[in-house]
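The values are calculated or read from the model by the stated rules, or taken from the named source; none is laboratory data. The shown structure was predicted, so the numbers you read here are calculated from the model rather than taken from an experiment. Because the Cβ atoms are built from the backbone with ideal geometry, glycine has one as well, and the counts that use them run over all protein chains shown.
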Amino acid sequence: MIALQELRVNSRSFLMTACISVLILTALTAILSIASQIPDALNKYVNNSAFSTMRIENVRYEDLEFLETVQINVSDMQVESEAELSVGLPEDWLPDFTITTETEGGGSKYMQNMTEDCTIRNINQNLCEGEEWTELKDRQNGLWLSAGAAEVLGVHAGDLVSLSARRYNSATLEEVIASFPASGSEPEWMNTISVPVTGIYREFTQCKSYYYTLPLYISCCMQEPEEITVFAKCQNVMHFHRIKNLLNTHFLSVDAKYEIIDSMLFLIAALYIICICLTVMEIMMLYSMVQTYFHQRVQAFGLLRALGLSRGGMLFVISTLIISVLTICFGFALLLSPFMIQYVVNVIEDVFPDIILHISNRNILIPAIYAVLSVAVLCICLLNLHEYRSAYLSQLLRNGDETK
Amino acid sequence: MEDNTPIIEGRHLFKKYVLHQGDYYALNDVSISVQSGEYVAVTGHSGSGKSTLMNILGSIDAPTSGEILFEGISIKDYTEKQLAQLRNRSIGYVFQSFYLEPNYTVGKNVEMPLLIAGYDARERKKRIQAVLEQVGMEKHIHQKAYMLSGGEKQRVSIARALVCNPKLILADEPCGNLDSENTAIVMDIFHKLHQEQKTIILITHSNEDASQAERQIRMKDGKILS
Ligand SMILES: Nc1ncnc2c1ncn2[C@@H]1O[C@H](COP(=O)(O)OP(=O)(O)OP(=O)(O)O)[C@@H](O)[C@H]1O
Ligand SMILES: [Mg+2]
């Protein structure tokens with residue numbers, strides 16, 4: 001109540017500082033909102049474009065396990081010299097019933113973070129029997145057949161089929177032609193393993209007859225683990241440098257372009273530094289406001305104390321007053337900041353046309369700033385308050401006389 | 001409370017000011033005791049320490065040494081909060097220069113001690129009305145304080161001193177800034193308050209005003225003469 005009256009009576013003396021505060025707070029909330037949006041926007045941009053893909057070469061099969069622990073999204077893997085692969089029935093295996101990779105089959109990499117992969121999504125969405133791809137954990141072997149292929153082979157999910165591949169570089173074209181008609185028995189140059197069918201899917205556009213996981217491909221066609229080239233992106237570009245360093249210590253060649261990331265990281269740091277400066281400025285503004293207010297109202301406060309307001313009560317009155325001024329300023333700042341954000345976003349989009357930012361000032365840091373400022377106000381009031389000890393009240397009243 | 005316990009008592013009060021020329025004792029071994037319902041006038045030359053005494057008795061200043069007892073209890077042991085409560089509920093101050101908030105209305109000025117005491121809105125309104133009627137200022141309740149004349153201001157400040165119904169009223173030269181007509185009005189109010197069994201300590205220059213009181217205390221150079 002007293003605080004409200006004080007606010008009404010002294011509103012004019014607060015007006016000037018309040019206006020400046022509104023400006024500072026507007027800038028503060030705007031910059032904070034933008035700075036906090038950039039990482040997400042940058043992530044989206046980096047993950048949706050070919051930009052700043054890391055190319056990790058000479059990855060061995062065992063290393064895949066390590067790669068899964070790194071916070072990256074694998075976007076592609078290239079296995080050196082992919083061998084011809086075919087799927088057939090375990091018994092009376094005939095070429096007629098063989099589906100080969102070159103024309104009909106396809107391999108896909110199974111890694112934990114592969115849910116983004118469109119093929120795997122398609123398989124999972126069209127699954128009519130068996131298990132989804134994503135349910136496979138720990139880089140297991142997995143084989144999915146299209147409904148058509150399953151019909152040709154006469155198998156269901158769970159049935160064993162043969163997976164055969166040419167031994168790497170061991171067969172010539174003549175050998176293939178020579179031994180294929182001799183059906184029934186497995187040719188020497190073939191490597192065959194038996195695997196259960198993991199699932200069966202309805203055909204979708206551009207689908208192949210079967211898909212297998214990368215571990216399955218490797219166990220089928222390679223005796224020696226081969227080197228794989230992995231293309232990946234950081235899950236969070238903020239960690240780009242850390243991850244790059246981590247990868248560099250493990251792999252010989254990590255190629256990454258990060259100019260935009262670097263400039264963005266710099267921008268974010270700059271924005272946060274501006275925020276800190278603005279917060280300090282705002283605290284100084286509040287400090288001077290409280291100081292002048294206390295100075296102007298020495299006598300009034302002395303009187304309030306003489307009339308029996310305790311020091312705690314006074315702290316309450318004054319902090320309520322200043323915090324309500326602060327709150328009003330904050331309210332205005334929140335109303336005004338979208339315009340400022342709009343402006344800054346336009347500037348950023350001119351420089352980095354591919355970064356898309358929202359015009360929203362919802363951000364957890366804004367209440368945090370408010371809390372910090374409120375606490376600062378409380379501290380400033382507390383610092384001022386120790387002058388208002390009981391023993392000096394007559395002095396305060398007299399001081400007021402002199403300044404009049 | 002026993003009847004013969006003084007409402008306020010000062011024992012061997014000293015107040016020392018450290019000045020360039022050396023220490024100066026505004027109060028030099030002052031002992032004073034006022035019974036409940038008494039009307040005491042304190043007189044003396046300018047600079048004799050009257051205001052200092054009042055501020056110390058009213059606990060808005062601290063003595064260098066000595067003891068103040070309010071209703072027999074030493075206020076030395078009081079906490080900040082208890083002291084604030086004492087000033088709020090038990091003592092009413094009337095200052096020579098009023099100390100009204102110029103931008104507040106008369107009503108708001110008088111309401112201040114009630115707000116501090118935490119009375120509810122209805123009670124506040126009732127008391128403000130009653131106390132303004134007592135000093136004859138009820139018509140000015142919505143007027144800003146800076147627009148009032150000196151006499152009116154002093155009446156408002158008396159109303160403010162009375163609004164929490166204190167046991168003790170301390171008035172420091174309430175008529176010092178007033179003409180004779182307004183002085184008469186203010187003195188009349190004090191006279192009525194005395195009849196209502198209020199304890200009043202009135203500080204004044206004027207012997208005429210002092211003569212209205214039951215008891216006179218004369219001060220000189222920080223000491224009590226009689
Ligand atoms: N804060 C202070 N510092 C130094 N000296 C002071 C202070 N306050 C009061 N004094 C001195 O103490 C003495 C007593 O002052 P006090 O105000 O009590 O006098 P008074 O009797 O009320 O006089 P008046 O009738 O003019 O109001 C004065 O000489 C004054 O100069
Ligand atoms: Mg005086």
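Output yes when any residue across the stretch B:128-135 is in a loop (DSSP other than H, G, I, E, B) and either hydrophobic (A, V, I, L, M, F, W, C) or more than 14 Å from chain A (Cβ to nearest Cβ) (or both), and no when none is. Among the residues of the stretch B:128-135, at least one is in a loop (DSSP other than H, G, I, E, B) and either hydrophobic (A, V, I, L, M, F, W, C) or more than 14 Å from chain A (Cβ to nearest Cβ) (or both), which makes the answer yes. Of the strands (runs of 3 or more DSSP E) lying entirely inside the stretch B:1-99, those containing at least 1 residues that are within 13 Å of ligand 1 (Cβ to nearest atom) span B:8-19, B:22-34, B:39-44. Mind checking whether some residue in the stretch B:73-85 is touching a residue at least 60 places away in the same chain (Cβ under 8 Å) and within 11 Å of chain A (Cβ to nearest Cβ)? No.
Under the condition of being among the hydrophobic types (A, V, I, L, M, F, W, C), assigned to a loop (DSSP other than H, G, I, E, B) and either within 16 Å of ligand 2 (Cβ to nearest atom) or surrounded by fewer than 23 Cβ atoms within 10 Å (Cβ to Cβ) (or both), the residues counted in the stretch B:159-173 number 1.
Annotation note: of B:Ser46, B:Ser90, the sole residue that is surrounded by fewer than 23 Cβ atoms within 10 Å (Cβ to Cβ), more than 16 Å from ligand 2 (Cβ to nearest atom) and either more than 11 Å from chain A (Cβ to nearest Cβ) or modelled with pLDDT of 90 or more (or both) is B:Ser90. On the given criteria, is B:Tyr39 in contact (Cβ under 8 Å) with a residue 60 or more places away in the chain, away from chain A (no Cβ under 14 Å), crowded, with 20+ Cβ neighbours inside 10 Å and within 18 Å of the chain's Cα centre (by Cα)? Yes, satisfied. Within the stretch B:183-206, the presence of a residue that is within 16 Å of ligand 2 (Cβ to nearest atom) and assigned to a helix (DSSP H, G or I) is excluded. Residue check: B:Gly176 meets all listed conditions (1) within 16 Å of ligand 2 (Cβ to nearest atom); (2) assigned to a helix (DSSP H, G or I) but one, namely (2).
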